[in-house]
Amino acid sequence: MPRRSDFHAFLDEDIGSGDITSELVVPRGARARASIIAREECVLAGLEEAGVVFEELGLEFTPLAADGSKVGKGTVVAAVEGQARSILKGERVALNILQRMSGIATLTRRMLDKARTANPRVVLAATRKTTPGFRAFEKRAVLLGGGAPHRFALDEMVLVKDNHIAIAGSVESAMERLRAGRGAHFTRKVEVEATTAKEALTAAAMGADIVLLDNFSLPRLKAAHAELRRGFPHVLIEVSGGIGLGNIRSFARFADIVSSGALTHSAPAVDFSLDILPKKGSGTAHSKGMEGRGGGRR
C-alpha cells in the first residue's frame, strides 16, 4: 500500500485552500450518502486506495467489490457516507486513483490472458515507465491484474542495460566489471539486456540469470531463443520492445517473461462516477455524479 503522505499530498493538491463552491452551496454539517459506480467493464483496482482517501476525510467507506475482481458496467463498487462537504472534497482524488489503477489492471489482465493462450507459464512484467510519484499505485495495479511488478527501483536488482554496455564498451567488459565489484550485492539476480544473439549468449556464458532480448523481430527472437535453450537451459529469457495486445501472443511463445511499458504508460483510464443518493424520504437526488466519460465535477 502506498504511504499515507501520498494521499495527503493528493488531497492538498486538489483542495488547495478550500472547496469554495461547496462552502457556498452545501450547508455546514449536512450529511450525504453516495455510491461509486463502474461505468464500464473492468478489472477493479484502487478501491482500497479510494477508501483511504475518504477515511482520511473522516468518512465511512464500505467496499462492495474486491480489488482484482472483474466487474461489469453499472456495478456499484463502494458506498460512502458522512459529511457532504467531505465527500465532495474526496470525490475527484478517489475517482482519479480508481480510473488510473483499474485501467492498468484491466490492460494487464487482457494482455496476460492473451499471452497465456500461447504460453501458459509466461510472466507478464511491468517496467519503470511509470508516473513520477505514482509508481507504488501503478505497480500494485499491475499485480492486481495478474502481472509482476519487476523491479520497483534501481536498488532491487542488477540490470545491465544497453547504455551500461555502451559505457563499459562491451557485454564482456560490463560483466567483468560486475564480477569484480558485485561484493555486498551478491544476492541480487543479474539480468543483462542484449540486442543481438551473440550478446545474449555471451551474457549467459558469463553468469547472467536472466537475458533480456530487446526489440528482436520474431524470426531473430525465435533463433536466439533456440540457441539459449540449447546452451543455457537454466537462464530465464525475457523479451521486450513494442509489445502490446496486438502482438503479445506471438512473442510469449519464445519467452519466460514478457515486459511491457504499455501496461503503465498507455493503459486507458476506466470510467467511474460518484453519485450522491437521494435523501432518506426523498425521491430525488440532491446532486449528480459524472455523466459519462470525462463528465462530473471538475
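What follows is calculated from the coordinates using simple rules that are stated; it is not laboratory data. Here the structure is a predicted model, which means the values were calculated and not measured. Don't worry about glycine lacking a Cβ; one is built from the backbone with ideal geometry, like all the others, and counts go over all protein chains shown.
List of remarks:
- FRET E, pair residue 186, residue 206, Förster distance 22 Å, beta-carbon r, rounded to 0.05: 0.90
- Extending 7 Å from the Cα toward the beta-carbon at both residue 73 and residue 196 defines two label points whose distance is 5.2 nm.
- Mean-position separation - Cα centroids, the range 215-230 and the range 17-31, in angstrom: 62 Å
- Inter-label distance, nm, simple model (7 Å from Cα along the C-beta direction), residue 62/residue 81: 0.5 nm
- Sequence of 250, 273 once ranked by neighbouring C-beta atoms within 10 Å, starting from the fewest: 250, 273
- Solvent-free Debye scattering, log10 I(q)/I(0), computed from the Cα coordinates of the range 113-179 at q = 0.15, 0.25 Å⁻¹: -0.68, -1.00
- Three-way shape label, the range 110-265, alpha-carbon gyration tensor, a/c 1.5: oblate
- Considering helices alone, the calculated mean residue ellipticity of the chain at 222 nm is -12500 deg cm²/dmol, with DSSP H runs of length four and up weighted by -39500 (n - 2.57) and normalised per residue.
- Long-range HN-HN contacts of residue 190 with modeled amide H, under 5 Å: 209, 210
- For the range 93-133 versus the range 149-178, the gap between their alpha-carbon centres in whole angstrom: 25 Å
- A simple spin-label model places the labels of residue 13 and residue 179 4.6 nm from each other, with each point 7 Å out along Cα-to-Cβ.
- Each of 111, 101, 206, 175 has some number of other Cβ atoms within 10 Å of its Cβ, and from fewest to most they run 206, 175, 111, 101.
- Karplus (6.51, -1.76, 1.60) ³J(HN,Hα), θ = phi - 60°, over the range 233-247, in Hz, Gly and Pro reported as x: x, 7, 7, 7, 10, 10, 10, 7, x, x, 9, x, 4, x, 10
- If the Kirkwood radius is taken over C-alpha pairs of the range 153-236, then at 37 °C and 0.692 mPa s the Stokes-Einstein diffusion coefficient equals 252 µm²/s.
- As a rough footprinting exposure proxy, the listed residues 12, 256, 67 were ranked by other beta carbons within 10 Å of their own, and the order from fewest upward is 12, 256, 67.
- Available extension along the chain between residue 167 and residue 152 is 3.0 nm, counting 0.36 nm per residue and deducting the alpha carbon span.
- Each Cα pair of the chain feeds into the Kirkwood radius, which the Stokes-Einstein equation turns, at 4 °C and 1.567 mPa s, into a diffusion coefficient of 61 µm²/s.
- Our summary gives the chain a relative contact order of 21 percent, counting only alpha carbon pairs under 8 angstrom and 6 or more residues apart.
- Once C-alpha pairs closer than 8 Å and six or more residues apart are averaged by separation and normalised to the residue number of the range 110-265, the relative contact order reads 30 percent.
- Rg [Å, one decimal], Dmax [Å, integer] - the range 1-104, C-alpha atoms: 13.6, 39
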